[in-house]
Each structure stands twice: as structure tokens, then as C-alpha cells.
Amino acid sequence: MDRILVSTVVYRSPEAVFPYLADFTRYPRYADHLESVTVDGDGGPGTRYDLRLAWWKLSYTARSEVTDVSAPTSLQWRLTKDLDAEGEWRVEPAPDVAPPEEETASRLYFEAVYDPHSASEDAVSLPRFVSMSWVIDKIRPRLMNEARRVLERLVADVEGTHRSIELTVHEAP
């Protein structure tokens with residue numbers, strides 16, 4: 001199993017941050033390769049999302065399900081087809097790291113645990129002579145850059161302005 005655990009500081013309270021995490025329809029604004037999100041549910045446990053991804057010559061619809069919500073601190077999810085993966089968005093109050101010009105701060109965590117070799121060969125229509133292991137080898141090093149991009153864009157959305165963030169990598173594949 002591979003694991004990504006990254007965090008950054010956002011200058012808002014968990015109560016202000018959490019609605020952005022819970023609204024998966026915003027995610028195409030954050031991720032370069034996520035084209036669209038379709039929702040089936042109210043956002044609580046059991047809500048399913050179809051996440052339409054496109055990269056290189058590949059396109060794929062991931063199916064995700066919310067497994068637990070503890071607003072305003074945690075949203076857990078899992079993929080329900082083609083790849084063994086689960087994760088969590090977590091927000092913890094961190095007022096002590098807020099700069100003097102900011103009212104408060106929170107530490108925002110993103111975690112994903114996945115088995116890249118559980119990816120179904122039938123899930124994606126691969127070009128001739130391209131193997132799933134080749135695709136995995138190409139995607140794996142890009143995951144940390146994508147995590148940074150997503151967190152940076154999410155922080156900008158929450159705070160209303162773009163700034164460079166400090167990404168803390170707790171664990172990487």
C-alpha cells in the first residue's frame with residue numbers, strides 16, 4: 001500500500017474550511033486532471049461521486065463514496081471500483097500558527113492510502129503497447145505535485161486570495 005499524507009496551514013477556522021472540503025463539485029477547480037464531478041446523495045455518509053478524470057491519452061471515471069463525516073473536522077472517503085483506495089480530509093484548529101494579521105488558522109490534512117497494483121487493467125482503455133504498470137510508474141511521481149496544487153488552490157478558494165503555501169509532507173509513496 002502507498003500512502004500520501006500532506007498538510008498545510010489555512011488562515012480560517014475549521015468551521016469555515018470544512019464546507020469547501022465537503023463540496024466535491026468544487027474539486028475540478030483544484031485538480032488539473034479532474035474534468036467533472038457528479039453527485040448522488042446529500043454529502044453525508046453513503047453519498048457517491050463520479051469523478052471524471054483525464055490525463056495524457058487516458059480518461060476514467062472514478063467512483064468515490066463518503067464513508068464518514070464529522071463536521072467540521074473530518075471527511076472520510078473510499079473508492080468503490082477499480083482501485084483499492086481510501087482517504088480523509090482533516091482540519092484541526094491551529095490558532096498559534098496564525099500570523100499577527102490573521103484572526104486564526106487551521107492545519108488542513110489530506111491523506112490517501114491506496115494499492116496502485118490493485119488498479120483494474122479493464123478500467124482504462126490503454127493505447128496499444130502501454131501497460132498499466134507503465135501508467136502507474138508515470139503517475140506516481142506526479143502525485144505530490146498534484147497534492148500541492150490541489151491544496152494551494154483550495155486554500156486560495158477558502159481565503160479568497162492566492163498565496164504560496166508551505167506543504168508539509170508527512171508520508172509519500
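The values are calculated or read from the model by the stated rules, or taken from the named source; none is laboratory data. Nothing here was measured: the structure is a model prediction, and the numbers come from that model. Here the Cβ is made from the backbone with ideal geometry for all residues, glycine too, and neighbour counts use every protein chain on show. Surface accessibility is based on the protein's heavy atoms, side chains included, excluding ligands, DNA and RNA. Shrake-Rupley method; radii C 1.70, N 1.55, O 1.52, S 1.80 Å.
Within the accessible surface of the range 1-121, defined with a 1.4 Å probe on protein heavy atoms only, the carbon and sulfur portion equals 47 percent.
This model, with +1 at the C-beta of Lys and Arg and -1 at the C-beta of Asp and Glu, gives the range 78-121 a dipole about its Cα centre of some 120 debye.
The amide H of A31, built 1.01 Å from its N in the peptide plane, has no neighbour under 5 Å, considering only residues 5 or more places off or on other chains. Based on protein heavy atoms only, the range 1-61 ends up with 50 Å² per residue of surface accessible to a 1.4 Å probe.
When the range 1-126 is described by a simple charge dipole with +1 on each Lys and Arg Cβ and -1 on each Asp and Glu Cβ, the residue from W89, L58, G41 located farthest towards its positive end is L58.
Packing-based ranking of 27-40, 104-117 yields 104-117, 27-40, ordered from highest to lowest mean Cβ neighbour count within 10 Å. Summarising the amide proton neighbourhood of D2: residues at separation of 5 or more, or on other chains, whose placed amide H is nearer than 5 Å comprise Y114, D115.
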